[in-house]
Structure formats: C-alpha cells, structure tokens
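Inspection log for the structure reproduced underneath, given as structure tokens.
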Amino acid sequence: MNRTGTDFLTIPQHYVKHWRTVTFSGSLRRWARLWPDTVAVVDPRQRLTYQELDKSADRVAAGFARLGVGRGDRVVVQLPNQVEFLQVWFGLQRLGAVPVHAMPAHRRDEIVHLAAASGAAALVVGERQGRFDFRTMAVEVGAELGRRGMAVPEVVVVGEPGESGGTAFSELCRLAPALSATPAFAGLSHPTGARLVPVDEPDPDDPHGPAAGDLALLLISGGTTGRPKLIPRSHTDYDLNARLGVRAAAMNSGTVYLAVLPAGFNFTLACPGILGALSVGGTVVLAPDPGPATAFHLIATEKVTHTALTPALVPHWLTEAETRREALATLQVVQVGGARLPDELARRAGPALGVTIQQVYGMAEGLICYTALDDDPEIVATTQGRPGCEDDELLIVRPGTTEPAETGELLVRGPYTLRSYYNAPAADPAFTSEGFYRTGDEVRRLPSGPVVVVGRVKDQINRAGEKYAAVEVEEHLLDLDGVKAAAIVGLPDPDWGEAAVAVLVHDGPAPTVRALATHLRERGLAAYKAPQRVHSIDAMPLTPVGKVDKQALRARLAR
Ligand code: OOB
C-alpha cells in the first residue's frame, strides 16, 4: 500500500491502524455526495458548494490532462487565498498529479528551485500582487530552467495570461470536454502513452495504479543546510494529519474555518485547517489578505468559528478587538503556531478576543502538537501542546547525538512523519539510523506530556513563522562588492518574533539594509529573507572546528 519510497515492511504495524485507504479525490467525491448543497468554499468573489467544487475538479483535471500533465506529474502551485486554489488543488488530485506548494511570497529564485527539484510539468500562478507580476516571473522561471537544460513547465495563469504565453485558468476549464461522472478522461492520454484515470476510480487494467499510500503532495521544508527540501506526503498520512487536527480543534459540520495564512501552508491546509473543515462538512472562508480588518469583517459576515494565526498577527488582532470585539461573536477557537508564542501574549489573547486559544507546534515534515481546548489556561499559555497521535514517538536528545537529555533536540517518528525527503540521498543526517527525524528544535516536556519549545539548534531564521536557512542568504551576500565574510543570525524582536542581522566583514563603507534588500530582490529572493539590520565586524568569531560561531555572534549582538 505504501508507495512513497519507504519500504512497506519497515512500517510498524501500530501505525497502520491509524490509516484509512482514501485519496483526496475520492474524499471530495464522498463529501459532494454527503453534503452536495452545503457551501464548501467562499472568497470575496465567489462561493462554491461541495457539488460545484467536485464538478470543477473534474474539469480542471481534464484541462490539465489536455496540457499534457498526467498522473504522478508534479505541478508547482503558487496562488493567493482564492477559490481557484482549491479548484486547482483538487483538480490535480483527481488527475493523480502532485501539487508542489509554493508560498505567495516566493520569487523567481525559490520557484526555479521548487520546479527544478520536483521536475515540475506545470506552474500555476496568479496575475500580480501590488507591483509584482507573477506572469513575468513565470516566464523568467521557464527561461532559467531552459538554460539549465531542464524541461520548461507549462504555465497556467489564474487571470489574464498577458504576455506570458501561458494558459488562462478559465480557458483550461473550458478546454476540458463536457464531463459526466465517468469516464472523465476517456480519449485523453498522457504524452508517455499512459491512459489517464481519475485516482478515485481504480483502473481495472492497472492494479498498481494510484492508491492511498501514493504521493499526494509535496510540501517545502523551512531549510537548514541550504535550499528548502521537498517533503513527500501521501494521501494516507495527510488524511491522518487532518483528522487528528479535527479531533484536537473540535471541528464539526457547523465549523466555518477562516484561512488567514496562505492556503498552501501545512498549518492552514491540514492542521486541521481547510481539509479538516471540508472533511466534516464545514465551510472554508479564504481571506484575501492577512490584515485584521479583512479578517474581522469576514468573521462577522460569514460567522466564522475557527481560524489560525502566527504569533506576529496576534497583537494586531488584540488592537482591532479593542474597538470591534463584537465582530468576533461566533469565533470559538484561535489556533496560534508557526513560531513561539510569548507566554504573556498567550495569557492575554484568549480573554481579549473572547475565544479559546490553541497553541499548535508543528512542521511540514509531520508531527503536530496541540494544546487541548479544555487545558488549564496556564498550560495553554506556557506550552506548545501534546502530540496529535498517541503513536507519535518523541525523543529528546543532546543535539547531534541520540543520548537522552531533559532539555535538548527533539527527534520524532510516527504515522504521519516523513522517513526521507523527496529525492534525497539514502544517508541523510536529518534522520537517525532508527528513522527518527531531527527537528532541530530545542524542547523539554512537562511530566504531564506537553512539549515546551525553548529554542532552536538548527541554523534557521524564523521571521514571524516564515523560515529560511541562514546559509541561503549568506551565499548571496558574499557576492556583494567588498564583502569578505557574511553571517545571518536571528535576534529576538518584539514585532517579528525574530529579526535577522547580517553580520559582515567588509572593505570600505558598510552596505545599508536597503542595499542588501535590493541585492537579494535582484537575485530573485522572497522579501522576507532581507535582513533587518547590518552589523560590521573585523573578523568572524570561529568555533574550534573553524565554523562561524553563531552563538558567540548572538551574544555579542545582544550586548
Ligand atoms: C509550521 O511548519 P513549518 O514546517 O513551516 O516550520 C516548522 C518549524 C518547527 O520545527 C519549529 O522550529 C517552528 O517551525 N515552529 C514553532 C511552533 N510551530 C512551528 N516553534 C515554536 N512554537 C510553535 N508553536 O510552522 C507549522 C506547521 C503546522 C502547524 C503549525 C505550524
């Protein structure tokens, strides 16, 4: 059953009992049968019932098939929070194709990397965000992949394709033949000659066709040693991920979930988020921007019950609630995760918003921890919760070893945690020989079970929940004129949780924050990777083995 690259025989039997043999395409079909006329998804421009979402998945699947995208093909999806995100996502699921989740903030360099690492057959983008044009970026991505001798992905644009030469999403849906329930894909074939079959209808000629254990989507890691890695998630494990969240956040058919954070973020999509709400017949509301004014308006008009935020958004919500608390009358649960929520803010948030706060500590790689809705308020304020599944195995060790420690690096293994990255080398230091994933997070556990995140041993910046490997930016800074050595370190910051400081050894005048931002933007990097401060230094402090001593740098900057 498991065909995600892990050896089925090594999968412990006690994991199997948590899994259901479902695919996301099949699940949407089932939901559409159960609640055909319930509204599944809403954005400011449209609302679709479950039946409409299911039908559009057929059309989108057939449209992608016409473009030559087939079962197992990877498709980079970079869309803002709008109904089309779910139409594309479920359309790809119906085809058995694999969405690769890019974030709206990503730029040329990140998208090239995701497309190259996944071998993408297509790229789906929106029109523009402010002055930035995603269609122009898509053309540049194709050109760069071509220069590298790689296949150039088909471009699909939600909106007007403009000069990009891409296919409009509306056209893609029209291209598709008129569809009845079966067989949606008759007469269509993949360029390789493979026959196309929706994954919820097993192909009698191909007993080895797509199954619940197959790859369903690729998430991206925060990155620690270089570029973000791709995280394979199967239908089975991701279905479990969402179901555990539904239990933890007590979602039911009355749930209205507001997606404030990007829909492609694991937290928003499946913890329990969008997929959780859909799995119980609830309604998903997509916020076009993360600002509290938009969110409060949608909460009041759509009678939202659940949402999820990063800690950096919480103070803005508290300010908005000072004058508009009545807008939150229906809101029950506000999940907070992605970065450490300060205890003091956690204590204030619940009473100020009139909701139950749920801390969520999770990772795209798997493990998700939740505080319980009926936990003691001090537990909710000071811990990051308990593992979602009783068969999640957590070890706390001295960093880089497997020796037990009271406070140390968290290792995890479990029924929805990855065993290897996508296309990764067999011997990957991110995993122990026993198959535990090294989270790079420094934690301790209370005797009663909750995990407390106390720090981080990985060389990563987490700016308001957006993560990146320090080395990714350092490499680009070294190309600046006069810069001889560069190190990125994170320091506590009241607004962002963490601010990135560029520590530079350089000739001549120090480059400004602005110059660094411009340089990184020209290199095609997301804006959140630009450092907030520049600090000049004569020589980098080094560890005994000759690496930059970031602990020493942090201590020095703190002074
Ligand atoms: C979520 O997922 P990722 O993959 O973007 O980031 C995972 C990392 C964790 O290893 C940890 O370093 C940090 O983000 N983190 C937290 C945290 N939640 C995540 N650190 C402290 N406190 C928390 N509550 O960020 C993610 C995925 C699903 C649900 C929630 C968050």
More than 15 angstrom separation, counting every C-alpha pair in the range 378-417; what % is that? 53
In percent, what relative contact order does the range 290-339 have, based on Cα pairs under 8 Å that are 6 or more apart in sequence? 53
If the cut-off is a Cα-Cα distance under 23 Å, which lysines reach Lys467, setting aside same-chain residues fewer than 8 apart in sequence? Lys229, Lys458, Lys529, Lys547, Lys550
Percent antiparallel among DSSP beta bridges confined to the chain, rounded to 5, stands at 55
Quick check on packing: order 527-540, 215-228, 270-283 by the mean number of other C-beta atoms within 10 Å, highest mean leading. 270-283, 215-228, 527-540
Volume per residue of the C-alpha convex hull in the chain, rounded to whole Å³: 160
Excluding residues fewer than 8 places away in the same chain, name every one of the aspartates and glutamates whose C-alpha is closer than 13 Å to that of Lys484. Glu474, Glu475, Asp507, Asp538
The chain, helix-only ellipticity at 222 nm - DSSP H runs n ≥ 4, -39,500 (n - 2.57), divided by all residues, nearest 500: -9000 deg cm²/dmol
Applying the Karplus parametrisation 6.51 cos²θ - 1.76 cosθ + 1.60 with θ = phi - 60° to the phi angles of the range 220-227, what ³J(HN,Hα) value in whole Hz is obtained for each residue in order, glycine and proline being reported as x? 10, 7, x, x, 9, 10, x, 5
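Read-outs: derived from the displayed coordinates by stated rules, not from any lab. It should be emphasised that the depicted structure is a prediction, and the values quoted were computed from it without experimental measurement. Please note: Cβ atoms are built from the backbone with ideal geometry, for glycine as well, and neighbour counts cover all protein chains shown.
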